[in-house]
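*Asks:* One structure, pasted below without further comment.
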Amino acid sequence: MKHRMISIYTIFLILTLTACGIGQDSVEKNETENSDIESDEQSVEQTPEQTITEMPETESETEFKEPISRTIEQSGLTAFYADSDEETEPFGLTLVSESGNNISNPDDWFAENQLYLPMINGPLAESALQIYKEPDIDYDYWEGFADTIFFDENYVYEWSPTDICVYDKETMELLYYVQTASAASDTWYIMGNCAYVRDGILYTCNIFNGYATPNSCYLMAYDLEEGELLWRSEDQTFNSMNFIVKGDVIICGYGFTAEDDYIYQISMRTGKTISKTAVAKMPDILVEQDGKLYAHTYSYDYVFEIEEK
C-alpha cells in the first residue's frame, strides 16, 4: 500500500507539473501576443471610444495536499475512556424475530432481506451489493485496488491488515494514511466497514481472530489532526465483520465459540459500553435499514426494531 501511495503522489506531481507547464506556455504566448498588439497600436491612432481590456488571470490548477500520515501505537495499551459532560444514551432494541438459518451463506441473508452495505472490495463485497450501486461512486476505479474498499457519506476507506487509507469520496484525494504498531501482527485482522471518520476523528478497531486474549478485540478513537488516541474500549467488545455508526453510537458485535455473545453499543464520546444485547451466536454482520437492525450470526438471524432516542 505504501508503494501505491507513492505512485499516487507521483501521478499527482506529474499532473501538477504538466498543468504548470501549460500555464507557463500560455503566459509566454500571451506576452508575445501583447507585445505584437502594442507594436500595432503605435501605428494606429487610438480614439476615445477604444479601450484596452486586460485578460483575466488564469486560475492555478488545484493541487492535492500531502496526506496526514499517522501511526497508532497500541503496544501495552489497555482500556481507557474520554471525559464527557454528558454520556451518550443507547438506542432501544426490541426483538422482532429470531430464526435459525441452517448455517446459511451471508449471500442468502442479504438477498432475502434486500440488505445493503456500502462496500466495493473485500469479504462482503459481492453479497453486499444485492440492491444497487451508488451513482456517485466510480466502482471501476476502486475495484482496481487489491485491498478491502468500503465507503460512507464522505469518505472511501482502503483497509489492509496493517494500515488504512482515507480518501475524499468526491475528489478521490488521499487525506490520511494510518498505520498501526501492534505487539502482535495478527491482532490487526482484516474486516470490512470497520473504519469511520467524523470531524477529523478516526473510529476503528483491533481484532484477534480466536479465543479471548488480553489487549484485543476493541474499538478506539484517534484524532487524526492532533495524532492523539482519545479512547480505547474494553477488551472483547468487537469482533464482528463490521460496525454501524448511528448518531453518537457505534453498534457492533462480539462473541466466540465458548464465550458470551452480544450486540454492543459503544459511546463515540467516551468509548464506554452503554448497552449490550444477548444473542445466541456471535454477530458477524450487522446492517441498519428502514429503522431496523439486522444481525447475521453463524446459525441464527435476528431483526430488532431500533427505538429512536
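*Asks:* Based on the Cβ-Cβ distance of Glu87 and Gln289, what FRET efficiency does E = 1/(1 + (r/R0)^6) give at R0 = 25 Å, to the nearest 0.05?
*Replies:* Using R0 = 25 Å, I get an efficiency of 0.40.
*Asks:* Step through the table entries Lys246/Lys309; Lys246/Lys292; Lys133/Lys169, compare each Cα-Cα distance with 18 Å, and write down the pairs that go over it. All intermediate terms of the calculation are to be shown ahead of the outcome.
*Replies:* Working: Lys246/Lys309 11 Å; Lys246/Lys292 12 Å; Lys133/Lys169 15 Å.
Those over the limit do not exist; all pairs fall within it.
*Asks:* Could you report region 245-309's accessible area per residue, 1.4 Å probe, as an integer in Å²?
*Replies:* Numbers: 2510 Å² over 65 residues.
Ligands and nucleic acids excluded, the figure is 39 Å² per residue.
*Asks:* How many nm is it between the label spots at Leu77 and Ser299, if each spot is 7 Å from the Cα in line with the beta carbon?
*Replies:* 3.5
*Asks:* May I ask you to give the solvent-accessible area per residue for region 82-186, in square angstrom, as obtained with a 1.4 angstrom probe? Don't skip to the end; give the middle numbers.
*Replies:* Values: 5260 Å² over 105 residues.
Ligands and nucleic acids excluded, the figure is 50 Å² per residue.
*Asks:* Residue-wise, which Karplus ³J(HN,Hα) couplings in Hz belong to region 65-82, taking 6.51 cos²θ - 1.76 cosθ + 1.60, θ = phi - 60°, and x for glycine or proline?
*Replies:* Per residue, the Karplus-derived 3J(HN,Hα) values read 6, 5, x, 6, 10, 9, 10, 8, 7, 10, 4, x, 6, 10, 4, 8, 10, 8 Hz.
*Asks:* Related question: If you add up the charges near Glu86, with Lys and Arg at +1 and Asp and Glu at -1, over every other residue whose beta carbon is less than 14 angstrom from its beta carbon, what do you get?
*Replies:* On the way: positive: Arg269, Lys272, Lys309; negative: Asp83, Asp85, Glu87, Glu89, Asp248.
Once all neighbours under 14 Å are counted, the net charge is -2.
*Asks:* Among 224-230, 244-250, 95-101, 267-273, what's the highest-first ranking by average C-beta atoms within 10 angstrom per residue?
*Replies:* Working: 224-230: 14.7, 244-250: 18.1, 95-101: 11.9, 267-273: 21.0.
Highest to lowest by the protection proxy: 267-273, 244-250, 224-230, 95-101.
*Asks:* Apply 1/(1 + (r/R0)^6) to the Cβ-Cβ distance of Thr162 and Glu226, taking R0 = 22 Å, and write down the FRET efficiency to the nearest 0.05. Walk me through the numbers before you get to the answer.
*Replies:* Details: r = 22 Å, r/R0 = 1.02.
The calculated FRET efficiency here is 0.45.
*Asks:* First select every other residue whose beta carbon is under 14 angstrom from the beta carbon of Gly100; then total the charges, Lys and Arg +1, Asp and Glu -1. Mind dumping the intermediate values first?
*Replies:* On the way: positive: Lys281; negative: Glu98, Asp108, Glu112, Asp301.
Cβ neighbours under 14 Å give a net charge of -3.
*Asks:* Oh, and also: Whenever you get a sec, compute what percent of the accessible area on region 70-140 sits on carbon and sulfur atoms (1.4 Å probe).
*Replies:* Details: 1800 of 4190 Å².
Carbon and sulfur atoms account for 43 percent of the accessible area of region 70-140.
*Asks:* At 7 Å along the Cα-to-beta-carbon direction for both Ile201 and Met172, put a label point, then send me their distance in nm to one decimal.
*Replies:* Reported label-point gap for Ile201 and Met172 is 3.2 nm.
*Asks:* A further question follows. Compare the Cα positions of Thr257, Gln236, Leu219 along the charge dipole of region 214-259 (+1 at Cβ of Lys, Arg; -1 at Cβ of Asp, Glu; about the Cα centre) and return the one farthest towards the positive end.
*Replies:* Thr257
*Asks:* When the accessible area of region 164-309 is split by element with a 1.4 Å probe, what percent falls to carbon and sulfur?
*Replies:* Details: 2340 of 5260 Å².
C and S atoms contribute 45 percent here.
*Asks:* Further question on the same structure: To the nearest 0.05, what FRET efficiency results for Ile68 and Glu307 with a Förster distance of 41 Å applied to their C-beta separation?
*Replies:* On the way: r = 38 Å, r/R0 = 0.93.
About 0.60, to the nearest 0.05.
The values are calculated or read from the model by the stated rules, or taken from the named source; none is laboratory data. Quantities reported herein were computed from a predicted structural model and do not represent experimental measurements. Cβ coordinates were reconstructed from backbone atoms using ideal geometry, including for glycine residues, and neighbour counts include every protein chain displayed. SASA here: full protein model, heavy atoms, side chains in, ligands and nucleic acids out. Shrake-Rupley method; radii C 1.70, N 1.55, O 1.52, S 1.80 Å.
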